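A short reminder: the numbers here are calculations on the coordinates, not readings from a lab. Predicted model, so just to flag it, every value in this text is computed and none were measured. In this analysis, Cβ positions are derived from the backbone assuming ideal geometry, glycine residues included, and neighbour counts consider all displayed protein chains.
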Amino acid sequence: MHNTVQNLLKISEKVKDKFKLNKNLSKIPNIIAVSKTFKLNHIRPILDHGHIHYGENKVQEAIEKWTEIKKEKKQIKLHLIGKLQTNKVKFAVKLFDYIHSLDSKKLADKIYKYQDELDLKTKLFIQVNIGNENQKSGIRKEEVLDFYNYCVGLKLNIIGLMCIPPINTNASKYFNDMSELNKKLNLNELSMGMSSDYLEAVENNSTFLRIGSSIFGERG
């Protein structure tokens, strides 16, 4: 068995164990294998193993890597987890099943335009700047409700919230804030937790974990 498959199975077991220990959790999270920068030959073992969810940061890289694979394996679900530039929205809506980085009204307007034009309904996460960090993208916590209502007005398919907590802090505090915010909006999905903090995210109702290096190894 390839080491990436072994890594994935170990993470999956840890997630299931954490889930079983907490009776307040309602669903086992999906694991998004963050395959950005990795070539297909490195990803192929877990593809052949049957893993479904994959994450990419850049639209152009994803087009080159996944267009044919998605035709071959129709069960694959592709997630855009990086910042989406407005000039790439049409390509993103065509290729990705989920976009985790909706972070402005301008981007919401563009997604609405191309979804309508292409007759597609991409699943969307609002990216929340949960630590109110000036250097990070995302909607500030106190502005999320207004932005959510704006997106609902456009009939966008908002399924949940996404965050990247500040580094070198207690991630659980921010994950708990996100979980509470998600509940207030009555959303079902929550995208949070990476290689360094995914178990804390599980404890706070994450439904999509974005894990790269713990599956594929460090990027070169």
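Assorted remarks:
- Considering residues of the stretch 166-212 that are touching a strand residue (DSSP E or B) at 6+ places or on another chain (Cβ under 8 Å) and without any contact (Cβ under 8 Å) to a residue 24 or more places away in the chain only, the residue surrounded by the fewest Cβ atoms within 10 Å (Cβ to Cβ): 195
- Single unsatisfied condition, residue 162 versus (1) of a type outside the set (Ser, Thr, Tyr); (2) on the phi > 0 side of the Ramachandran plot; (3) buried (at least 18 other Cβ atoms within 10 Å of the Cβ): (2)
- Residues in the stretch 130-160 that are part of a strand (DSSP E or B) and touching a Ser or Thr at 6+ places or on another chain (Cβ under 7 Å): 160 alone.
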